[in-house]
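The values are calculated or read from the model by the stated rules, or taken from the named source; none is laboratory data. All values reported here derive from a predicted model rather than from experimental measurement. Cβ coordinates were reconstructed from backbone atoms using ideal geometry, including for glycine residues, and neighbour counts include every protein chain displayed. Calculation scope for accessible area: heavy atoms of the full protein, side chains included, ligands and nucleic acids excluded. Shrake-Rupley method; radii C 1.70, N 1.55, O 1.52, S 1.80 Å.
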Amino acid sequence: MNRRHCAAAAITLVCALSLLTVPVQAMAAPTPDSTPPPSASAPSSPGPSSEKDLEKVREQIETLYRQAAAATDAYNLAEEQTKKQSGEIVKLAKAIVDGQARIAELKDRAGAQAREQYRNGGLPPGAQLVLSDDPQLFLDGVNKVRTSQQASKTVLAELNRTQEDLETYTQDASSNWHKLETNRVKQAKAKKKINARIAAAEKLESELETEERARLRRLEQEAANRAQSAWLATRPVQDVEAISGEASAAGKAAIAFATAQIGKPYVWGATGPGTYDCSGLTMRAWAAAGRPIPRTSQEQWRLLPRIDIKDMRPGDLIIYHADASHVAMYVGDGTIVHSPRPGRHVTLAGAGSMKILGVVRPDK
């Protein structure tokens, strides 16, 4: 297959996939930027031997991996929620078993009281006391009657409470089971979208010739460099110096962990120790620093304290893209450490090489 045919096949593949699929957004995430689908027909000009056409291929590959990243966050969030709901169901099941055992015990106590009354001729304790001819027995029995009555009321009240609790536990278990199944469905859908987008991107890149793939890598680096330069140009000199300030003790520990992972491959859904996705890396790094944080980049953005970018310091997390689908750790001097995407490894990059959504600080 010559270069022109490679280009036509590659761009046509992307067009078809873009028209059939839409980006996935994880729960509670900001609305992502809409990405217009590529043209439905391949260019008639020479294929990726043209820098312009190869740049289009690069943009299409980047879009597919962005969509895969968003779907990965949806998958990871559903997985975390599935684990949580499973744990809740186990707790509720134990509570139901304990409640049933307690009800059986209380019913036995109530039955024992009823049998005692039957043995006394079926008369309630108060009536038996009134009919007694022995004054001393009358006086001695007053406290016994009161104690017995109080015990009966206590047993009945506790029995009612336990039965109500049992009904609540049962309803909660049913609700959690429904949520569990819903999250499993979300996981399955997200996994399907992830695989489709990664496969499309890999197919698109694989149909390029060796020289073109090398040029594609150079184009990726050039695009990142342009974005980094543009970001630095928008920041005052004192601003850039300020965000290279001193990390906290926990931040230093997180940085040490993250940078020690450089060279390890990206795998979606992975949290180490041999492979990582973007949020798996930041989560493990801050866990190593003694500060547990949420699993996904979108939850990290939603739940962690936000700070102004001018106040950023090493160890902080930078959230990227409008859908918060990527996260990296700032290490100082305008640099981040992150796990970029499938086919790449944990690496250092410019903090402004992607579109910044905001910054969060796990140890604020």
| request: From (1) at pLDDT 80 or above; (2) loosely packed, with under 11 Cβ neighbours inside 10 Å; (3) not hydroxyl-bearing (Ser, Thr, Tyr), pick out the condition that doesn't hold for residue 134. | output: (1)
| message | Based on this model, can you work out whether residue 210 counts as at pLDDT below 80 and more than 30 Å from residue 313 (Cα to Cα)? | response | no
| said: If I filter the range 274-286 for residues that are under 19 Å from residue 76 (Cβ atoms), part of a helix (DSSP H, G or I) and open to solvent by 20 Å² or more (accessible area, probe 1.4 Å), do I get at least one hit? | reply: yes
| note | In the range 305-323, anything in contact (Cβ under 8 Å) with a residue 60 or more places away in the chain and either touching an Asp or Glu at 6+ places or on another chain (Cβ under 8 Å) or over 27 Å from residue 63 (Cα atoms) (or both) is listed as 310, 311, 312, 313, 314, 315, 321, 322, 323
| note | Expected single match for of a type outside the set (Asp, Glu), assigned to a helix (DSSP H, G or I), in contact with a Lys or Arg (Cβ under 7 Å, 6 or more places away or on another chain) and modelled with pLDDT under 80 among 145, 155 is 155
| What about residue 198, is it of a type in the set (Val, Ile, Thr), surrounded by 15 or more Cβ atoms within 10 Å (Cβ to Cβ) and more than 17 Å from residue 338 (Cβ to Cβ)? | yes
| field | All positions within the range 195-205 that are modelled with pLDDT of 85 or more and over 24 Å from the mean Cα position of the chain (by Cα) | value | 200, 201, 202, 203, 204
| Test result for residue 123, modelled with pLDDT of 85 or more and either in a helix (DSSP H, G or I) or more than 23 Å from residue 216 (Cβ to Cβ) (or both) | no
| request: Kindly indicate whether any position in the range 316-329 is at pLDDT 95 or above and under 16 Å from residue 262 (Cβ atoms). | output: yes
